Structure formats: structure tokens, C-alpha cells
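A.B. asks: One structure, pasted below without further comment.
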């Protein structure tokens, strides 16, 4: 009997030790002078934004980020993408949107060239831009050398795009009904391969191997898209708060949960999601980005934070 209890105790310890995060998140900076609701990490720069402002920071010293540029937009900013180190593509629904540089007393003088594009979501691979619109579908644009734009095609059906993940030769897109897998090996003639319409109210997705992770309200879903013609739901978890954003790094899934902070899950085995850690910055987390063992959080009126994660 004692041996059985001892074995059970050892097994329990092994299970819990396996689920413990071997990295320790530590807050290293909290800047409150701006009010961003979205954050991206691109080209070693942190891009923060709200509906009408963009702030770009360099983090050579992450304990003291340096403001590089500020822009204001005359229309609602939907998304953005940085090409190279100075070409900024800004998504908006307004064709005549004007994006202006803002002078500040601490302006370091780095120059960025802004390029408005019509849409709600943007992704990029090399010289290809994928610009999604809630009503029109997805524009595939070759920006080539020198920023010249050539519209290759528009993939559209009678649904709106909510989020997308581009990984040539495929696109994974969330529409009003669920997940769609798209073959773009022929850029001029994109083809819908398969759908999974078991998902309601999906708003955000991220990809890790063949698994598409999707946030739909308080639900976290894992869909196996190895067979792109028949993507299938393999796991579902109910969380405490609505999912704002998903990011993935080294088989870890980072989930922004508003007032619920940030959950970090181990997803190496998508059938057995492991709860590794939770960040509680004491304010709502609206968006998250990852880069170079750092976690960036957009906190709205409470500014933004940087965590070291190693």
C-alpha cells in the first residue's frame, strides 16, 4: 500500500513539474505616456497604435525604449506592417486617408515612409502583401522593388475576413462562419481548399506547425489543418475572459485576456494543453507581441509594458 501511494505521489510530482514554466517572466518597463490598444514587433522595432495614432520605438535598451517616430491618421487605423526599416503600410477603410508625422520635443528624427492601403488586416511575406477586407475578401499585392504595387488577384466570397495567417503557398483565414484554407500557389487564381464552420464568433488566429489556434469569445480552439481540404477541430478550452489576441513562440501560446492578464500555455501536444504561467499586470491587456525573449503588452489608457521572458 505504501509503495502504491509513493508511486502515485512521484507520478503527481512529475506531472506538475512538467507543467511548470522553465522561463520566468519579469516586468522591466512600463511606459504610461501613450495609450495604445495594439502592439506589433517587426524589424526589431515595437509598433504601437490606437485608432488614430502610431508610435514606433526602438528597444536597443529594452529597459528604456527610445521613441523613433509618431504618426497621426485622419481615419481609423485598422492594421499596419513594416517593410524593410522605413516603409510603413497602414490599413484603413478610407481611400483618401492622410497619415501625418507628428513633431515632438523628443523626436529622434528617424524617417519612415507611410503607404495607406484599403483593408482591415494585413500580412506580408517577402514582397507579397495580403490585405484583407471585412467585405471584399483578400487582395494579394506584389510590392516588388521600390514599393511599386501590382495587384495579383482578389480572393473573395460572400463573407467577411476577420483575421488571416499567410504562409506561402497557403493562407488561413477566419470569415464570418469559421476557418477557410486557401491555395495561392498560382497568385492570379487563388483556390479555396477546405473549410471548418464549427466555429462561431472567431476573431483571431495563430499557427504552430499544422495546428491553427483560434480565439472565439472565451473559447480557445485547436484545429488540425494537416489535411487542408478537411481541417478538423481537435481541442477546445473555455477560458475565464474573452480572448483579445494570440501569439506563439517555441511551442508556447500566449493569450491576451483583457482583465484576465496573459495566459501562457504549452502546446507541443495540442491534445494536452498545459497551463504554464500567468501574467497579471493589474490592468487590462488588449494586445500582445513577442520578440527576442521579450513580451510586449498594449494596455490602452494604462500605456504599455515590456516583460523579459527567459
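The values are calculated or read from the model by the stated rules, or taken from the named source; none is laboratory data. Treat the numbers as computed from the prediction; the structure is a model and nothing was measured. We place every Cβ from the backbone using ideal geometry, glycine too, and count neighbours over all the protein chains shown.
A.B. asks: Report, by residue number, each residue of segment 264-286 that is touching a helix residue (DSSP H, G or I) at 6+ places or on another chain (Cβ under 9 Å), over 20 Å from residue 222 (Cα atoms) and in contact (Cβ under 8 Å) with a residue 60 or more places away in the chain.
C.D. replies: 281, 286
A.B. asks: Please go through segment 203-222 and give me each residue that is under 14 Å from residue 165 (Cα atoms) and either at pLDDT below 95 or surrounded by 15 or more Cβ atoms within 10 Å (Cβ to Cβ) (or both), ordered by number.
C.D. replies: Across segment 203-222, the qualifying residues are 203, 204, 205, 206, 207, 208, 211, 212, 213, 214, 215.
A.B. asks: Among the numbered conditions (1) assigned to a loop (DSSP other than H, G, I, E, B); (2) surrounded by fewer than 13 Cβ atoms within 10 Å (Cβ to Cβ); (3) modelled with pLDDT under 95, tell me where residue 23 comes up short.
C.D. replies: Status for residue 23: all satisfied but (2).
A.B. asks: How many residues are more than 19 Å from residue 223 (Cα to Cα) and touching a residue at least 12 places away in the same chain (Cβ under 8 Å) when one looks only at segment 152-164?
C.D. replies: Qualifying residue count for the region: 8.
A.B. asks: Let me ask something additional. Sort out which residues of segment 278-310 are surrounded by fewer than 20 Cβ atoms within 10 Å (Cβ to Cβ) and either at positive phi or under 16 Å from the mean Cα position of the chain (by Cα) (or both), and write them in order of number.
C.D. replies: Hits for segment 278-310 are 282, 290, 291, 292, 293, 294, 300, 303.
A.B. asks: Here is a follow-up. Among the residues of segment 231-245, are any free of Cβ contacts under 8 Å to residues at least 24 places away in the same chain and part of a loop (DSSP other than H, G, I, E, B)?
C.D. replies: Taking segment 231-245 and keeping what is free of Cβ contacts under 8 Å to residues at least 24 places away in the same chain, we get 236, 238, 240-241.
In the following step, the residues that additionally are part of a loop (DSSP other than H, G, I, E, B) were identified as 240-241.
Yes - at least one qualifying residue is present in segment 231-245.
A.B. asks: Quick check, is residue 226 under 20 Å from the mean Cα position of the chain (by Cα), without any contact (Cβ under 8 Å) to a residue 40 or more places away in the chain and in a loop (DSSP other than H, G, I, E, B)?
C.D. replies: Spelling it out, it is not the case that residue 226 is under 20 Å from the mean Cα position of the chain (by Cα), without any contact (Cβ under 8 Å) to a residue 40 or more places away in the chain and in a loop (DSSP other than H, G, I, E, B).
A.B. asks: OK, next. Look at residue 248 and say whether it is surrounded by fewer than 22 Cβ atoms within 10 Å (Cβ to Cβ) and within 15 Å of the chain's Cα centre (by Cα).
C.D. replies: yes
A.B. asks: Name the pairs: first residue in segment 165-192 and free of Cβ contacts under 8 Å to residues at least 12 places away in the same chain, second residue in a loop (DSSP other than H, G, I, E, B) and loosely packed, with under 14 Cβ neighbours inside 10 Å, Cβ to Cβ under 9 Å, at least 6 apart or on different chains?
C.D. replies: Between residues of segment 165-192 that are free of Cβ contacts under 8 Å to residues at least 12 places away in the same chain and residues that are in a loop (DSSP other than H, G, I, E, B) and loosely packed, with under 14 Cβ neighbours inside 10 Å, the close pairs are 186/169; 191/185.
A.B. asks: Can you tell me which residues in segment 116-138 are on the phi < 0 side of the Ramachandran plot, surrounded by 16 or more Cβ atoms within 10 Å (Cβ to Cβ) and not in a strand (DSSP E or B)?
C.D. replies: 120, 134, 136
A.B. asks: If you don't mind, there's one more thing I want to ask. Quick check: is even one residue across segment 170-184 surrounded by fewer than 21 Cβ atoms within 10 Å (Cβ to Cβ), modelled with pLDDT of 95 or more and under 13 Å from the mean Cα position of the chain (by Cα)?
C.D. replies: No, there is no match, as no residue in segment 170-184 is surrounded by fewer than 21 Cβ atoms within 10 Å (Cβ to Cβ), modelled with pLDDT of 95 or more and under 13 Å from the mean Cα position of the chain (by Cα).
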